[in-house]
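Visitor: This is the structure I want to talk about, given as structure tokens.
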Amino acid sequence: MLEKAKVLRSNQTEAEQRLWYHLRAHRFMGLKFKRQKPVGRYIADFVCLERRLIIELDGGQHAEQVAYDRHRDAWLRSQGYTVLRFWNNDVMQQLEGVLEQIRCTLSPGPSPASGRGE
């Protein structure tokens, strides 16, 4: 598994390279991300262990493996991870929107109103 992760790290897609530029070296919200990191029997494209967030980038081949991805995501969620999936095209054409969605997932939302009229 570690050898496969090493090979994947050295053969990044263009979309992975582009997103990694923004996630690496604590550049994104001061958080540490790792790429092509084994998590159980899977390899996550990007993971922030501190926040238990996994980010997956999907190319065209994922359209044919929907059931596998669904099973994989369910297992990762059962381990306490939040899984975000983006198409490679989204990273290449709408990077700011992708980064904003990641930011929103990592940022705590406003606390709900207490219902006491405050």
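The values are calculated or read from the model by the stated rules, or taken from the named source; none is laboratory data. Everything numeric here is computed off the predicted structure, so don't read it as measured data. Using ideal geometry, Cβ is built from the backbone for each residue, glycine included, and neighbour counts are taken over all protein chains shown. We work out accessible area using only protein heavy atoms, side chains counted, and drop any ligands, DNA or RNA first. Shrake-Rupley method; radii C 1.70, N 1.55, O 1.52, S 1.80 Å.
Visitor: Between a first residue in segment 15-28 that is under 9 Å from residue 99 (Cβ atoms) and a second residue that is of a type outside the set (S, T, N, Q) and open to solvent by 50 Å² or more (accessible area, probe 1.4 Å), which pairs have beta carbons less than 7 Å apart while being 6 or more apart in sequence or on different chains?
Guide: Correct list of pairs: 28/22.
Visitor: Could you check segment 23-113 for helices (runs of 4 or more DSSP H) lying wholly inside it with 2 or more residues that are open to solvent by less than 20 Å² (accessible area, probe 1.4 Å)? Before the answer, list the steps.
Guide: On the way: elements: 66-78, 88-93, 95-106.
In segment 23-113, the matching helices (runs of 4 or more DSSP H) lie at 66-78, 95-106.
Visitor: For segment 63-83, how many residues are touching a residue at least 12 places away in the same chain (Cβ under 8 Å) and not acidic (Asp, Glu)?
Guide: Number satisfying all stated conditions: 8.
Visitor: Sort out which residues of segment 10-19 are open to solvent by 40 Å² or more (accessible area, probe 1.4 Å) and either under 11 Å from residue 91 (Cβ atoms) or part of a helix (DSSP H, G or I) (or both), and write them in order of number.
Guide: 10, 13, 14, 17, 18
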